[in-house]
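Visitor: Okay, handing you the structure first.
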Amino acid sequence: MILVLNAGSSSLKFQILDLEQNTVPVRGLVERVGSSAAPFTLNGQKSTLKAPDLKTAFAAIAQYLPLEHIVAVGHRIVHGGERFLKSTLLTTEVLEALEKLSPLAPLHNPANLEGVRAALELLPTLPMVAVFDTAFHATLPPKAYLYALPHAFYTEQHIRRYGFHGPSHQYVSQQAAHHLERPITQLKLVTLHLGNGASACAVLHGKSVDTSMGFTPLEGLMMGSRSGDLDPSVVLQLAKRFGLEETSDLLNKKSGLLGLSGVSNDLRDVHSSASAGNEWAEKALEVMAYRIGKIIGAYAAAMGGLDALVFTGGAGENDADLRARALENLEFLGLELDAERNTTRGTVEISTAHSRAKILVIPTDEERMIALETVRVLEHFSLPLRHLRSAPLAPFS
């Protein structure tokens, strides 16, 4: 069994996956890490536990895990920079290198690494693998990842577009190929991960060739509380007025759907408010859908065509209205939405029978992708897991 950990600044998600049996015997979430009564969900059952920090939170949940059956741990690490272009076995040297990358993702990587340290302390003999959000996008060509800045900012400071949500885009693109019964190496796909964080990806022949998030997860589509694309002069104006820290907080936590609607970062609340006549809630929905539609067209152009469009993520999988809005005026790309299929839950293919390009709804499974990547990395060493367990990784401090 593989333990998958996703440690955030205030949360700890975990799953145990039995890949041989294709089951998930344990899944859970600790929220509000830093409190003495953190909400704790385990296999659907809710309670609370003391979680002043991630280390304590992991130690608390460990009593519920079948530790004797776990053979490896896969960790979600958001940013791998340009050094880590694929999933990597965690060693002390790798952890030290990742520590230096924390400035590239200050809201994510420090928490990810704290989760690694917590697991190391409790499970020091298990092999551990870092699976990066950025790794799937390592195939971006320079024309897609370079910003139009003096090139020294890239060569000396590594300021470029990296992209995120890699495991999700990788997983659903593979599942799309399976559904279409075609080799992924022959397909032109646009994948849309739509949730509180949202990103699009152009997947050409199985490789990411463009993606909407950039140097950080703030760029690109309008999101739950993140602004997405802005004129840089707007940022300069805000920073001049409010300062850097407050501007960062504004753009990351108070903008997007929440800021424009004035209602919520939850699409369900915004839909309800729009239905009740709230003008700004309706405008927020229109802007979100319009930006999604634009990027579908742009990525189809970048690839020279489109075989299928894939919706995933909480909103992508469940919000039929958002999907319909986003697909308005895209018939010229061969995308024809079947209105009845679009509103039927559990339907994978929501395009009409005559649609030249397929429209798919595929539930993402980032944890399964992380588990599969963990196994792939360990198999790369051509060593049995029990042998790897005999070579403990020194805890990093």
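Visitor: Inspect region 126-146 for any residue being surrounded by fewer than 21 Cβ atoms within 10 Å (Cβ to Cβ) and in the same structural domain as GLY34 (by TED's automatic domain parsing) and give the result as yes or no.
Guide: yes
Visitor: Now a separate question. Among the residues of region 77-97, is any touching an Asp or Glu at 6+ places or on another chain (Cβ under 6 Å) and surrounded by 16 or more Cβ atoms within 10 Å (Cβ to Cβ)? Walk me through it before giving the result.
Guide: Of region 77-97, the ones touching an Asp or Glu at 6+ places or on another chain (Cβ under 6 Å) are 78, 87.
Subsequent filtering for residues that are surrounded by 16 or more Cβ atoms within 10 Å (Cβ to Cβ) retains 78, 87.
Looking for residues that are touching an Asp or Glu at 6+ places or on another chain (Cβ under 6 Å) and surrounded by 16 or more Cβ atoms within 10 Å (Cβ to Cβ), one finds at least one in region 77-97, hence yes.
Visitor: Further, regarding this structure: Out of the residues in region 261-284 meeting the condition of being among the hydrophobic types (A, V, I, L, M, F, W, C), over 23 Å from the mean Cα position of the chain (by Cα) and part of a helix (DSSP H, G or I), tell me which one is nearest to MET223 (Cα to Cα). Quick ask: steps written out before the conclusion?
Guide: Restricting attention to region 261-284, the residues satisfying the condition of being among the hydrophobic types (A, V, I, L, M, F, W, C) are 263, 267, 270, 274, 276, 280-281, 284.
Cutting the leftovers down to over 23 Å from the mean Cα position of the chain (by Cα) gives us 263, 274, 276, 280-281.
When the remaining residues are screened for being part of a helix (DSSP H, G or I), the result is 274, 280-281.
Numbers: ALA274: 17, TRP280: 16, ALA281: 14 Å.
Checking each candidate, the answer is ALA281.
Visitor: Give region 173-221 a look and list any residue that's under 25 Å from GLY256 (Cα atoms) and either among the aliphatic types (A, V, I, L, M) or outside the structural domain of THR312 (by TED's automatic domain parsing) (or both), or say none.
Guide: Applying the first criterion (under 25 Å from GLY256 (Cα atoms)) to region 173-221 yields 190-202, 210-221.
Matches in region 173-221: VAL190, LEU192, LEU194, ALA198, ALA200, ALA202, MET213, LEU218, LEU221.
Visitor: Pairs, please: C-beta under 8 Å, at least 6 apart or cross-chain, first residue touching a residue at least 12 places away in the same chain (Cβ under 8 Å) and over 10 Å from THR134 (Cα atoms) and in region 205-217, second of a type in the set (Lys, Arg) and part of a strand (DSSP E or B)?
Guide: Correct list of pairs: HIS205/LYS188.
Visitor: Let me ask you something else. Could you tell me which residue of region 336-353 is surrounded by the most Cβ atoms within 10 Å (Cβ to Cβ), considering only residues that are of a type outside the set (A, V, I, L, M) and within 19 Å of LYS188 (Cβ to Cβ)? It would help to see each step written out before you state the result.
Guide: First pass over region 336-353, keeping only residues of a type outside the set (A, V, I, L, M): 336, 338, 340-347, 349, 351-352.
Filter again for within 19 Å of LYS188 (Cβ to Cβ), leaving 336, 349, 351.
On the way: GLU336: 17, GLU349: 17, SER351: 21.
Per the criteria, the residue is SER351.
Visitor: So which residues in region 100-148 are more than 17 Å from GLU373 (Cα to Cα), hydroxyl-bearing (Ser, Thr, Tyr) and assigned to a loop (DSSP other than H, G, I, E, B), if there are any at all?
Guide: THR125, TYR147
Visitor: Out of TYR154, TYR171, which single residue is among the hydroxyl-bearing types (Ser, Thr, Tyr), in contact with a Ser or Thr (Cβ under 7 Å, 6 or more places away or on another chain) and either assigned to a helix (DSSP H, G or I) or closer than 28 Å to LEU29 by Cα (or both)? Explain how you work it out, then say what you get.
Guide: Working: TYR154 fails: in contact with a Ser or Thr (Cβ under 7 Å, 6 or more places away or on another chain).
Just one listed residue meets the conditions, TYR171.
The values are calculated or read from the model by the stated rules, or taken from the named source; none is laboratory data. Everything numeric here is computed off the predicted structure, so don't read it as measured data. Methodologically, a virtual Cβ is constructed for each residue, glycine included, from the backbone with ideal geometry; neighbour enumeration extends over all protein chains shown.
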